[in-house]
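For reference, the structure is listed below as structure tokens.
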Amino acid sequence: MKGVWLTVFSAVLMTGAAWAGSTPEWRGYAGDAQHNAQAPVANQAFGRIHWKAPVDLDPQRDPGGQGELLIHYGSPMITASNTVIFPVKTGATGGFRIEAHNGTTGSLIWKLGTRFVLAPHDWTPSFPAHLTAQNVVVFAGPGGTVRTRQSPDSATGAGGRFVFYGEKNYRADPSAYDSNVMIDTPITADDAGNLYFGFVVTGSTPINLASGIARIDARGRGTWISAPNAANDNSITEIAQNCAPAISPDQTTVYVAVSNGSSGYLVGLDSKTLKPKYRTTLVDPVSGSVAWIDDDSSAAPTVGPDGDVYYGVLENPYPNHDDRGWLLHFDATLTTQKTPGSFGWDDTASVVPASAVPSYTGTSPYLLMSKYNNYYGIGPYGDGHNRIAIIDPDATQIDQYSTATVMKDVLTILGPNQVPGEPQGAVYEWCINSAVVDPSSKSVIANSEDGHVYRWDLTTNILAEVMTLNNPQPEAYTPTIVGPDGTVYAINDANLYAIGN
């Protein structure tokens, strides 16, 4: 089902197709609408922790394992004026607010409650928020609504509300929508400020909403399409939870994964109308069976500079690939499946300019940075040799852990710290879902469950700098970021750390 509605704003009227403001340096999950995750400037040296702030006031550690934090913390956003904006979980099982801090000092500038309610989940999903190219903070409210906050660098700013299915409809029965409609992916905005996000519907609503993907344009007009209609398959029930939509470089296509709860498609939709354009079944490259789409994952599509699309899935049968999954690779129309990468299940690949890897002698203009964990004790080859990797999307090799032909490793590096009680070489996992690439310093900044953040020097292939953050902490995956002054940001053990000279 599709619907188009004109939104009425609750507190502020926006006019024109664009909102005023300076272009932010980090807009949200994986940095930009293509999820390339590239730093705006060279990162500062790892001299000290400038400041830290909690992103979770009541972290829940899994009592059945090793005290894992099974939560995907939402990505910080950073304005051109160096205001760092991030969601904070306030209760044990939910409750969120948005905080804005001075990037230099860490001092609080403003905070704002959200009334957001999480969709049904296993691992706690990330909080949906984004900083548009027009410097407006948008974040999830109750009932599938999107709230706005202008002037993010100021202690005060006008607020508003978008309702993708219509403000009049929402006001007619807010309790029905608040109880049954939830945004359950990160929000992505294209360059013009149009918003895209997945939502889930858990019960009846007066206008018969169904789980799907929504678009809200820069003037507040909403459009949506149900997940089965987006896929042209009535067995499909949802947008994959946590899957941040990605936008093509020419801004004409939005890519997102849809699922029946375990498997499904990657689809490309018209970015203005959400009319289906492209579809591909997500398939395990070894078995030929449908690949698993896991709602505990936070993998999202990455769109390369050439328009190619990359998306991570779990292997099927599981765990024949040691719980590594695959990074599937398609052309822009999703009609040609190209060589996969050898890891993908909970990772959003970052784009690395080929010039940032001086030893590279291949022909691709860009490479990909991927987590490359090989979890100890899982699958036939699970040895705990957890790595991160630079891989070549245009060159191939035989996979170390299967019979598949996969993207060629250009550089890999093993985590440096042994896990106590596990065999030699079994090191702590890299706890990243999107790692920032710094072309200026030819580096990648990556977070580890060993309680440290590292700068991987792509010139020397060594972990050239390290900063101790906290004791080792098993956790779901978190992003790393570089701000406009070169400050490095990493989330570890429920805290956001600002690191620099």
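Only residues that are of a type in the set (Ser, Thr, Tyr) and closer than 19 Å to residue 437 by Cβ: list them for the stretch 304-320, please. Scanning the stretch 304-320 gives 310, 311. Within the stretch 357-384, the set of residues being closer than 24 Å to residue 474 by Cβ and either in a loop (DSSP other than H, G, I, E, B) or without any contact (Cβ under 8 Å) to a residue 40 or more places away in the chain (or both) comprises 373, 374, 375, 376, 377, 378, 379, 380, 381, 382, 383, 384. Hey, can you tell me all the residues within the stretch 113-149 that are part of a strand (DSSP E or B), more than 23 Å from residue 70 (Cα to Cα) and aliphatic (A, V, I, L, M)? Answer for the stretch 113-149, where residues must be part of a strand (DSSP E or B), more than 23 Å from residue 70 (Cα to Cα) and aliphatic (A, V, I, L, M): 131, 137, 138, 146.
Comparison of 459, 480 shows that the only residue that is β-branched (Val, Ile, Thr) and not in a loop (DSSP other than H, G, I, E, B) is 480.
Scan the stretch 373-383 and give yes if some residue there is of a type in the set (D, E, K, R), closer than 21 Å to residue 266 by Cα and surrounded by fewer than 24 Cβ atoms within 10 Å (Cβ to Cβ), otherwise no. Lay out the reasoning, then the answer.
Narrowing the stretch 373-383 to residues of a type in the set (D, E, K, R): 383.
Retained after the next criterion (residues that are closer than 21 Å to residue 266 by Cα): none.
No, that holds for no residue.
Within the stretch 396-412, how many residues turn out to be farther than 19 Å from residue 452 by Cα, in contact with a strand residue (DSSP E or B) (Cβ under 7 Å, 6 or more places away or on another chain) and surrounded by fewer than 17 Cβ atoms within 10 Å (Cβ to Cβ)? Number of matching residues: 4. For the stretch 164-189, a residue qualifies if it is buried (at least 23 other Cβ atoms within 10 Å of the Cβ) and under 29 Å from residue 433 (Cα atoms), and the qualifying residues are 164, 181, 182, 183, 184, 185, 186, 187, 188, 189. Taking the criterion of being of a type in the set (A, V, I, L, M, F, W, C), surrounded by 20 or more Cβ atoms within 10 Å (Cβ to Cβ) and at pLDDT 50 or above, the residues of the stretch 1-53 that qualify are 26, 30, 33, 37, 39, 46. Looking only at residues of the stretch 413-460 that are among the β-branched types (Val, Ile, Thr) and surrounded by fewer than 16 Cβ atoms within 10 Å (Cβ to Cβ), we find that the one that is farthest from residue 385 (Cα to Cα) is 459. The set of residues in the stretch 302-320 that are under 12 Å from residue 291 (Cα atoms), of a type outside the set (A, V, I, L, M) and either in contact with a Cys (Cβ under 9 Å, 6 or more places away or on another chain) or surrounded by 24 or more Cβ atoms within 10 Å (Cβ to Cβ) (or both) comprises 311, 312, 315. Of the residues that sit in the stretch 465-485 and are of a type in the set (Val, Ile, Thr) and more than 20 Å from residue 75 (Cβ to Cβ), which one is surrounded by the fewest Cβ atoms within 10 Å (Cβ to Cβ)? By that ranking, first place goes to 468. A single entry from 254, 258 fulfils the requirement of being assigned to a strand (DSSP E or B) and in contact with a helix residue (DSSP H, G or I) (Cβ under 6 Å, 6 or more places away or on another chain): 258.
The values are calculated or read from the model by the stated rules, or taken from the named source; none is laboratory data. Here the structure is a predicted model, which is why all the values come from computation and not from measurement. Glycine gets a Cβ as well: all are built from the backbone with ideal geometry, and neighbour counts include every protein chain shown.
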